[in-house]
Amino acid sequence: MQQPAQQPKPAAAKPKPERPTPPPEFQEKDIATMGAAGLAAILKDPAASEFRKAKACMRAGELGAKEAVPALAALLDDEHLSVYARYGLEPIADASASEALRASLTKLKGDRLIGAVNSIGKRRDAQATAALVKMMNGSDAALAQAAIAALGSIGNAASAKELQGALRRTTGMTRMIVADSCLVCAERMLEAGQRDQALALYAVLTAPDIPQAARLAAMSGIIREERSPSRPR
């Protein structure tokens, strides 16, 4: 009687190769659990790699570490780390972060200056309004547009007044950016409970010469507020 053919044994699984360990300058495990003092030390250390400094900036922002503000501010003009420094400063609630960004406006140039303006807009720093207005009225178109957007994000009565003035002076693409920033400003004022001021700004944006998209958005905002259950009766 013929014996059944024996099935070949499955080949033994090859062991998975161990994942290579990155060199120390590209390791971040300790940074992910590090406190403010350790992060500031990395940021100040000239021997620390850009990778570790970038991770320290990010961690400082996550922690809201005001102790790291001076070290972050020192990197705002760094060619490779300025973006990470701003990322770290933006979420820090302490006033020193706003002060650092405002101080940088007289020191930075080009894209790094525009970046600082964008960060000021994200923080809605009303104390930067005068500096932003000066940039809005300056000859650098890219910087002016960043300042316009920041004023809209700040969203208070002072910025609304300046943006309305810019609506009367600007043309073309810049005027469209001003109109869009006015919409943002109106929304910010609504969030702050400044309903009458917001509706007045919406009304300005319904003029026939306002760019169509902004005009329609303003009309929609007025209708929405008039129908709102929270509308004063």
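The values are calculated or read from the model by the stated rules, or taken from the named source; none is laboratory data. Bear in mind that the values here come from a model prediction, so they are computed numbers and not experimental data. Backbone-built Cβ (ideal geometry, glycine too); neighbour counts: all protein chains shown.
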Checklist entry - Assuming S139 fulfils every condition listed in (1) in contact (Cβ under 8 Å) with a residue 24 or more places away in the chain; (2) more than 26 Å from R195 (Cα to Cα) apart from one, which condition is it? => result (1)
Checklist entry - Given the conditions (1) polar (S, T, N, Q); (2) out of contact with any Cys (no Cβ under 7 Å at 6 or more places or on another chain); (3) farther than 25 Å from R59 by Cα, and given that N118 satisfies all but one, which numbered condition is not satisfied? => result (3)
Next on the checklist: Please go through region 36-66 and give me each residue that is among the charged types (D, E, K, R) and in contact with a Leu (Cβ under 8 Å, 6 or more places away or on another chain), ordered by number.
Outcome noted: E50, K53, R59
Item to check | Number of the condition not met by T174 [criteria: (1) surrounded by fewer than 23 Cβ atoms within 10 Å (Cβ to Cβ); (2) among the β-branched types (V, I, T); (3) not assigned by TED's automatic domain parsing to the domain that holds E226] | outcome: (3)
Checklist entry - If we scan region 140-153, do we find a residue that is on the phi > 0 side of the Ramachandran plot and surrounded by fewer than 16 Cβ atoms within 10 Å (Cβ to Cβ)? => result no
